[in-house]
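S.K.: First the structure, then my questions, so here it is.
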Amino acid sequence: MFKKLLLWVILLGGAATGGVAYWAQQPVFDAGPVRPFTIQPGSTLASSVEQIDQAGVGVNPQLLELLARSSLPEDRMARNRIEVERLLNETRTQGFGMAHRARRVSEETSLAIPVRAKDRILATVTVRYAATAVPLRAAVEQFLPRMREVAQKIEAQFI
């Protein structure tokens with residue numbers, strides 16, 4: 001009896017872990033054509049997600065809401081809907097994402113290009129480097145063209 005119970009606990013634990021892993025890998029945003037949107041002042045997080053979704057952006061509301069509820073200092077920007085809107089628009093306009101992060105030795109910068117298949121973002125091609133080693137302008141000029149080439153080659157495999 002104990003062995004059967006233990007087996008069920010292990011099976012249910014594995015199934016739950018698999019379900020959480022699947023859910024966590026779902027994209028926050030479903031990439032598609034650029035769709036400008038405006039979030040009405042005073043909107044709650046739930047109504048903000050609804051407004052973004054109605055604009056056709058294709059938001060996974062559960063993941064965006066979890067990020068906004070995070071208490072981690074590096075996630076505090078996600079709680080500012082005006083800043084989230086600004087960053088989304090800036091990223092779409094530029095065609096790439098960028099992040100800066102302080103580290104022990106030096107600040108780190110990341111550049112990311114989406115890899116799309118059938119109007120969905122599957123992954124990103126990302127380059128991360130020490131900000132003191134390469135100025136941002138030089139990184140954009142040197143890395144982004146090659147990153148776009150790599151992303152296009154990967155995307156061609158899914159057409």
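The values are calculated or read from the model by the stated rules, or taken from the named source; none is laboratory data. Please read these numbers as outputs of a predicted model, since none were measured by experiment. Methodologically, a virtual Cβ is constructed for each residue, glycine included, from the backbone with ideal geometry; neighbour enumeration extends over all protein chains shown.
S.K.: How many residues are in contact with a strand residue (DSSP E or B) (Cβ under 9 Å, 6 or more places away or on another chain) and either over 24 Å from residue 132 (Cα atoms) or surrounded by 12 or more Cβ atoms within 10 Å (Cβ to Cβ) (or both) if we restrict to region 69-89?
M.R.: Adding up the residues that qualify gives 2.
S.K.: Right, another one. Here are some conditions: (1) farther than 29 Å from residue 152 by Cα; (2) surrounded by 14 or more Cβ atoms within 10 Å (Cβ to Cβ). Residue 106 meets all but one. Which one does it not meet?
M.R.: Condition not satisfied by residue 106: (2).
S.K.: Mind checking which pairs have a first residue in region 83-95 that is among the β-branched types (Val, Ile, Thr) and a second that is at pLDDT 80 or above and outside any helix (DSSP H, G or I), Cβ under 7 Å, 6 or more apart or different chains?
M.R.: 91/97
S.K.: Mind counting the residues in region 117-139 that are over 20 Å from residue 153 (Cβ atoms) and not small (Gly, Ala, Ser)?
M.R.: 7
S.K.: Return yes when residue 116 is assigned to a strand (DSSP E or B), surrounded by fewer than 15 Cβ atoms within 10 Å (Cβ to Cβ) and either more than 19 Å from the chain's Cα centre (by Cα) or not assigned by TED's automatic domain parsing to the domain that holds residue 65 (or both) and no when it is not.
M.R.: It is false that residue 116 is assigned to a strand (DSSP E or B), surrounded by fewer than 15 Cβ atoms within 10 Å (Cβ to Cβ) and either more than 19 Å from the chain's Cα centre (by Cα) or not assigned by TED's automatic domain parsing to the domain that holds residue 65 (or both).
S.K.: Sticking with this one: When only residues in region 52-99 that are at pLDDT 75 or above, part of a strand (DSSP E or B) and in contact with a helix residue (DSSP H, G or I) (Cβ under 9 Å, 6 or more places away or on another chain) count, which is farthest from residue 151 (Cα to Cα)?
M.R.: 98
S.K.: Continuing with this model, one more query. Name the single residue, out of those in region 125-159 being hydroxyl-bearing (Ser, Thr, Tyr) and surrounded by 12 or more Cβ atoms within 10 Å (Cβ to Cβ), that is nearest to residue 101 (Cα to Cα).
M.R.: This residue is 129.
S.K.: Further, regarding this structure: Consider residue 103 against the criteria (1) assigned to a helix (DSSP H, G or I); (2) in the same structural domain as residue 145 (by TED's automatic domain parsing): it satisfies all of them except one. Which criterion is unmet?
M.R.: (1)
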